[in-house]
1. List the DSSP H helices in the chain whose Cα atoms stretch 15 Å or more along the helix axis and whose mean Kyte-Doolittle hydropathy is at least -0.5.
2. Determine the calculated [θ] at 222 nm for the chain from helices alone, applying -39500 (n - 2.57) to every DSSP H run no shorter than 4 residues and normalising by the residue count; nearest 500 deg cm²/dmol.
3. Only Cα pairs under 8 Å and at least 6 apart count here; give the relative contact order of the chain as a rounded whole percent.
4. On alpha carbon coordinates alone, what is the Rg over Rh value for the chain, Rh being the Kirkwood radius?
5. Expressed as a whole percentage, what fraction of the accessible surface of the chain belongs to carbon and sulfur atoms when a 1.4 Å probe is rolled over the protein heavy atoms?
6. Determine the per residue accessible area of the chain with all protein chains present and a 1.4 angstrom probe, expressed in square angstrom.
7. I need the peptides 35-44, 13-22 ranked by packing, meaning the mean over residues of other C-beta atoms within 10 angstrom, with the highest value on top.
Amino acid sequence: MLSIPAVAAVLDVDRRTVYRFIAAGYLPIVDLRTGPGRSRVRVPAAGLDEFISSRAIAPAVARR
């Protein structure tokens, strides 16, 4: 499980961008909230790996 700042660091983006990916449904989350206070959202490592894989671009085929 990765925190939002950790995911932002891996993706080299701002935390707000991570939250936008979550809101758009691109990144899964687990909410570990234990009460009415701040939520404690975590991103499963497998979900982050899948997100990165889904964004990978295949190398262009060289033309001859």
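1. Helix filter hits for the chain: 45-55.
2. Helix contribution divided over all residues of the chain: -12500 deg cm²/dmol.
3. Across the chain, relative contact order equals 32 percent.
4. Checking Rg against Rh, the ratio lands at 1.14.
5. Answer for the chain: carbon and sulfur cover 54 percent of the accessible area.
6. 80
7. Result, highest mean Cβ count within 10 Å first: 13-22, 35-44.
The values are calculated or read from the model by the stated rules, or taken from the named source; none is laboratory data. Keep in mind it's a predicted model, so treat the numbers as computed, not measured. FYI the Cβ positions are ideal-geometry reconstructions off the backbone, even for glycines, and counts take in every protein chain you see. Only protein heavy atoms, including side chains, enter the accessible area calculation; ligands, DNA and RNA are left aside. Shrake-Rupley method; radii C 1.70, N 1.55, O 1.52, S 1.80 Å.
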